[in-house]
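The values are calculated or read from the model by the stated rules, or taken from the named source; none is laboratory data. Quick caveat: nothing in here was measured; it's all calculated off a predicted structure. Backbone-built Cβ (ideal geometry, glycine too); neighbour counts: all protein chains shown. Ligands, DNA and RNA are excluded from the accessible area calculation, which covers all protein heavy atoms including side chains. Shrake-Rupley method; radii C 1.70, N 1.55, O 1.52, S 1.80 Å.
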Amino acid sequence: QPAMRLALQTREQHIRREKATSNICTAQVLLAVIAGFYAVYHGPDGIRRIATRVHRLTAILAAGLKRLGHEPREDAFFDTLTVDAGSEADAVVSRLAEAGINLRRYAGTSRLGISLDETATRGEVEALWEAFADGKPVEFTTEELDREVEDAIPTALRRQSDFLTHPVFNSFHSETEMMRYLRRLADKDIALNRSMIPLGSCTMKLNAATEMLPITWPQFANIHPFAPADQSEGYRELIAELEAMLEAATGFDSVSLQPNSGAQGEYAGLLTIRRYHASRGDDNRDICLIPSSAHGTNPASAVMAGMKVVVVDCDDHGNVDVDDLKAKAEEHSERLGALMVTYPSTHGVFEEAIRDICETVHQHGGQVYMDGANLNALLGLSKPAEFGADVMHMNLHKTFCIPHGGGGPGVGPIGCRAHLSPFRPNHPLAEEAGPADGFGPVAAAPWGSAGILPISWAYIAMMGTEGLTQATKLAILNANYVAKRLSKHYPILYKGKNGFVAHECIVDTRVLKDEAGITVDDVAKRLMDFGFHAPTMSWPVAGTLMVEPTESESKAELDRFCEAMIAIRDEAKKVAKGDWPKDDNPLVNAPHTLASVTADEWKHPYSRETAAYPSPAARYDKYWPPVARVDNVYGDRHLVCSCPSIEEYKSAAE
C-alpha cells in the first residue's frame, strides 16, 4: 500500500555546519495543524460562507461610513477598510475603546484601519457608525443597507476555481464526525499519553494539564499582540514576572522573551553580540568559533548574523578540544566575535573545561554565546552566567514545559549579562518591549508567542526552586540509569571522566550492523512494535540512537523501554547466529501492521505472535503502526510535489 513521508531536508540534522543554509528548528507546526483542522471542519462551503459574510458586513460598514461623510479610501476591499477621520480621529478611537473595540491608528496621520472577521456582529458595525457619527443619530440600519449595497470584490479578482477538493475537507462537518476523525488520527500516533518519547536533544517531557489550561482562557487567548497597554496589564505583569524568574534561574541580568524558537534565540543572541561590538567600534569582529559537536542550527544562525564560521575540533570523549580552541582563538584574535558552545554538550556530557573555554574567548575580545537547549540538565544546580556565558537562549518549549512535539509552538528567549543588555531585541511599535539601543525585532510581535507564556509561568510557579532542582536531578538520574542498564548490551558513547552522562546518552547500535546486518533504521522501526517512538536517530553520530528520558518518566517506564532495547539486541543475536535469515526477520520487516499479522498468508520464519507482541506490555496496550516499512530511498528519489504543474501556471498566465 502506498504511504508518504515528509522529505524536507532543512532540519538541523541535515545542515552542513559551516555551509549551513537554514536555522529553522521550530516550525510552529501545531499552529498549522490547527489551521488545517479549521479547514477540515468547515470545508469549502463553510469557508466560502464565512468569507462571504465577512465581506458582506465590511461592505455594509463601508456604505454606512460613506453616508456619515467618512468615505473609505478603498473602492475594492475584502475585510479591511482605511478611513480618514480628520480631526475626530482621537475622539473616534477613544469612543470605540470605551465600547470594547480597538482600531488601528496609522502613526503620524488621521487615518484609521478597521478589519472585520467571522466573529464580527451587526451590533459592532452599528457601534462603529455611532462612533464616527460624533453623537449624531445614525438614521439607517444594517438590514437596510444589506438590501442596497453591492459587494466590493472586482469580478476579475473573484476565484473561479475549486479549492479544498480533497475528500478530507468534504467529510467531517459535524462535531460528532470531527471528533471521530481526530480520534482516528490520534490512534496513528505514539504520543506521551501512550509511552515515553525518548528523543534525545528534544526534551519530550510532560506538559501538565494545569499548565496548559490557562492558555484557553479568553483573558489570555483573545488579546491582540498590539492591544493598547492599558488593556493588557495582566500580560505585562506575567511577562515581567517570567523574565524575573528566568533571570533568577540562570544568573543573567536581563531577559528578552521575543524570540519564537531556539534557533531564533541563537540569531537574537548573536545579533546582540554584534551590536555590542559595533558600539565599541569593533565592526571587524565577525569570526564565530563553533565546536564540531554543535547543533546544526548554530552555524546557520552565525551565517545569518553575518559571521564567518570557524569549526573547533572535539576530542574522543565528545568534549571541545581546548588546545584547538586556544589555537584558533589566537589565530583569529583581532576578528574574534563569539564562541557558540552548548553546555552540556550535544554529546550528552558536561564540558569540564567550560570555565577555561569561556575565559579563553574573553581574553581575545570575544563573547560567549551559550546554546541553552540542554538547560534542563543545569536548572537549580548551576547558573550559566556565573561560569562565563555572556548570552544564552533558553528553550521554553523544552526545559519549561511548553509543548515541543510536532514542531512547536516554541519560545527561545535570551538572557544577557549587564554589558549586553542594552543591545537586546526591541520593537518599533512597543517601546517597553526592549532597550532603545537594541538591534530591532526578530519576531513580528513585541513579546513573541506571548499567548503560550502562561505555561512556563505556571510550571515555574508550581515547581519553585526546590522542585526545579529536583527535576534536574531526576533528568540526569534517569539518563544515567538508562545508560547503565543498556551498557551491558550496547556501547554507550561519550561519558565524563567518572563514567556518567548528563541528561541524555548515545546508544551505539552499529554493533548490530557489524554482527547481523541490522541497521539503526531497523531498530527504530522495531521499537514501534514494542509501542515506542524511536529515540533521535543518527544524530549527532550516524548509526546511533540518542536517548533523553527527562524527569517525567517513572522507573517502570524506563525499564519497559530498556527491556525493549534489550529484546531487540537478543533478536539481532538470533539473526547473527542464523536462526532467522538476514533478509527475513522481525527487525528488517518491522513495523508489523494489523493487516499484515491477520492476513491469510504468513510466510515468515517467525511467528505472528513474535511480530505483533514482542513484549508482555504490548498485550495489554498494543499500539498498531498504521503503515509498514516505508522505502526511504524510493521516497527521496520520487518526490511527490503538491505544487501546481508548470503547465497549469502557463495556462493561468495565458
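Give the distance, in whole Å, between the Cα centre of the range 210-227 and the Cα centre of the range 534-599.
So the two Cα centres are separated by 41 Å.
Calculate how large, on average over all directions, the projected area of the Cα convex hull of the range 353-407 is; give the answer in nm² to one decimal.
For the Cα atoms of the range 353-407, the hull's average projected area reads 4.4 nm².
For the range 361-485, what is the Kirkwood estimate of the hydrodynamic radius, computed as the reciprocal of the mean inverse distance between distinct Cα atoms, to one decimal in Å? Numbers along the way, then the final one.
Numbers: mean 1/r = 0.0612 Å⁻¹.
Its Kirkwood hydrodynamic radius stands at 16.3 Å.
What spacing in nm lies between the two simple spin-label points modelled at Glu563 and Arg122, each 7 Å away from Cα in the Cβ direction?
Between Glu563 and Arg122, the simple spin-label model gives 6.6 nm.
Could you name the lysines in cross-link range of Lys473, using Cα to Cα under 21 Å and dropping any fewer than eight places away on the same chain?
By straight Cα distance, Lys473 reaches Lys205, Lys383, Lys398, Lys484, Lys495, Lys497, Lys555.
Using Cα pairs closer than 8 Å and at least 6 residues apart in sequence, work out the relative contact order for the range 265-349, in percent.
On the way: 116 pairs, mean separation 31.8, N = 85.
Across the range 265-349, relative contact order equals 37 percent.
Sorted by accessible area with a 1.4 angstrom probe, largest first, how do Lys136, Lys525 fall? If you can, show how the numbers build up before the last one.
Values: Lys136 140, Lys525 50 Å².
Correct descending sequence by accessible area is Lys136, Lys525.
Do you know the relative contact order of the chain, to the nearest whole percent, from alpha carbon pairs under 8 angstrom that are 6+ apart?
On the way: 1143 pairs, mean separation 99.5, N = 654.
Result for the chain is 15 percent.
Please report, for the Cα atoms of the range 166-218, the Rg to one decimal and the Dmax as a whole number; what are they, in angstrom?
Cα only, the range 166-218: 15.3, 40 Å (Rg, Dmax).
Where nothing but the Cβ of Lys and Arg (+1) and of Asp and Glu (-1) is charged, how large is the charge dipole of the chain around its Cα centre, in debye to the nearest 20? Before the final figure, lay out the partial values.
On the way: 65 positive and 88 negative charges, 353 e Å.
Result for the chain is approximately 1700 debye, rounded to the nearest 20.
Hey, what do the phi angles of the range 157-162 turn into as Karplus ³J(HN,Hα) couplings, whole Hz, using 6.51/-1.76/1.60 and θ = phi - 60°, x for Gly and Pro?
Each residue of the range 157-162 in turn: 9, 6, 5, 9, 8, 6 Hz.
Rg over Rh of the range 444-503, using C-alpha atoms and the Kirkwood radius, what does it come to?
Working: Rg = 17.5 Å, Rh = 14.4 Å.
Here Rg/Rh amounts to 1.22.
For n ≥ 4 DSSP H runs only, could you compute -39500 (n - 2.57) per run for the chain, divide by its residues and tell me the 222 nm figure to the nearest 500? Intermediate values should be presented prior to the final figure.
Values: 22 runs with 259 residues, N = 654.
That calculation yields -12000 deg cm²/dmol at 222 nm.
Where does the range 535-618 land on Rg(C-alpha)/(2.2 N^0.38 Å)?
1.27
5 Å is the cut-off here: which amide hydrogens, built 1.01 Å from N in the peptide plane, fall below it relative to Ser254, excluding neighbours closer than 5 in sequence?
Cys416
Between 0 and 90 degrees, rounded to the nearest ten: what's the tilt of helix 453-486 against the longest Cα principal axis of the chain?
With rounding to tens, the tilt is 20 degrees.
Under a no-solvent Debye model with one identical scatterer per Cα of the range 408-473, what's log10 I(q)/I(0) at q = 0.12, 0.19, 0.24, 0.28 Å⁻¹?
The Debye formula, applied to the Cα set alone, gives -0.43, -0.87, -1.03, -1.14.
Output the peptides 177-188, 458-469 sorted from most to least packed, where packing is the average of other Cβ atoms within 10 Å over each peptide's residues. Show your work: numbers first, answer last.
Numbers: 177-188: 12.1, 458-469: 16.2.
My ranking of the peptides, most packed first, is 458-469, 177-188.
Cα axis of helix 262-279 to longest principal axis of the chain: angle in degrees, 0 to 90, nearest 10?
It is inclined by approximately 80 degrees.
Per residue, how large is the accessible surface of the chain? Use a 1.4 angstrom probe and give square angstrom. It would help to have the intermediate numbers written out before the result.
Details: 31600 Å² over 654 residues.
About 48 Å² of surface per residue is accessible.
Computed from the mean reciprocal separation of all distinct C-alpha pairs, what Kirkwood hydrodynamic radius does the range 33-91 have, in Å? Walk me through the numbers on the way to the answer.
Values: mean 1/r = 0.0744 Å⁻¹.
This gives a value of 13.4 Å.
Could you work out what % of the accessible surface of the range 502-545 is carbon and sulfur, using a 1.4 angstrom probe and leaving DNA, RNA and ligands out of the count? Write down the numbers at each step before the final one.
Numbers: 580 of 1150 Å².
Roughly 51 percent of what the probe reaches on the range 502-545 is carbon or sulfur.
What does the convex hull of the alpha-carbon atoms of the range 168-260 project to on average, in nm²?
Working: hull surface 40.2 nm².
Averaging across all directions leaves 10.1 nm² for the Cα convex hull.
Between Ile34 and Arg180, what FRET efficiency comes out of the Förster formula 1/(1 + (r/R0)^6) with R0 = 25 Å and r the beta carbon distance, rounded to 0.05?
Details: r = 18 Å, r/R0 = 0.74.
E(calc), rounded to 0.05, equals 0.85.
To one decimal place, what Kirkwood hydrodynamic radius in Å is obtained for the range 230-326 from all pairs of distinct Cα atoms?
Numbers: mean 1/r = 0.0632 Å⁻¹.
This gives a value of 15.8 Å.
Where the centre of each part is set by its Cα atoms, how far does the range 317-356 sit from the range 407-445, in angstrom?
For the range 317-356 versus the range 407-445, the Cα centre distance is 26 Å.
Using the basic label-point model (7 angstrom from Cα toward the beta carbon), what is the Glu331 to Arg147 distance in nanometres?
8.4 nm
Which GluC sites (Glu not before Pro) in the range 539-621 pass both tests, a DSSP loop state and at most 16 other beta-carbon atoms within 10 Å? Can you show the working numbers first?
Values: sites: Glu551, Glu553, Glu557, Glu563, Glu571, Glu601, Glu609; in loops: Glu551, Glu553, Glu601.
Of the GluC sites (Glu not before Pro), the ones in loops of the range 539-621 whose Cβ has at most 16 other Cβ atoms within 10 Å are Glu601.
I'd like the accessible area for Leu381, computed on protein heavy atoms only with a 1.4 Å probe and all protein chains in place. Round to 10 Å², please.
90 Å²
Would you please give the FRET efficiency between Trp624 and Arg485, computed as 1/(1 + (r/R0)^6) with r the Cβ-Cβ distance and R0 = 25 Å, to the nearest 0.05?
Computed FRET efficiency for Trp624 and Arg485 comes out at 0.35.
Can you give me the convex hull volume of the Cα atoms of the chain, divided per residue and expressed in Å³?
Details: hull volume 127.2 nm³, N = 654.
So the per-residue hull volume is 195 Å³.
If you wrap a convex hull around the alpha carbons of the range 122-213, what volume per residue comes out, as a whole number of Å³? Write down the numbers at each step before the final one.
Values: hull volume 29.0 nm³, N = 92.
Output value, Cα hull per residue: 315 Å³.
Loop-only chymotrypsin sites (Phe, Trp or Tyr not before Pro) in the range 70-151, please: DSSP not H, G, I, E or B, and at most 14 other Cβ atoms within 10 Å. Can you show the working numbers first?
Values: sites: Phe77, Phe78, Tyr106, Trp129, Phe132, Phe140; in loops: Phe77, Phe78, Tyr106, Phe140.
Taking the range 70-151 and a limit of 14 other Cβ atoms within 10 Å, the loop chymotrypsin sites (Phe, Trp or Tyr not before Pro) found are Tyr106.
Given the Cα atoms of the range 56-119, and with Rh set as the inverse mean 1/r over their pairs in the Kirkwood sense, what is Rg to Rh to two decimals? Walk me through the intermediate numbers first.
Working: Rg = 11.3 Å, Rh = 12.1 Å.
With Rh from the inverse mean 1/r over Cα pairs, Rg/Rh is 0.94.
Accessible area of the range 68-210 with a 1.4 Å probe: how many percent of it is carbon plus sulfur? Intermediate results must be reported in sequence, preceding the final value.
Details: 4240 of 8790 Å².
That share works out to 48 percent.
Treat the range 45-158 as a sphere of radius equal to its Kirkwood radius over Cα pairs and apply Stokes-Einstein at 25 °C in a medium of 0.890 mPa s; give the translational diffusion coefficient in µm²/s, rounded to a whole number. Don't skip to the end; give the middle numbers.
Details: Rh = 14.4 Å.
It comes out at roughly 170 µm²/s.
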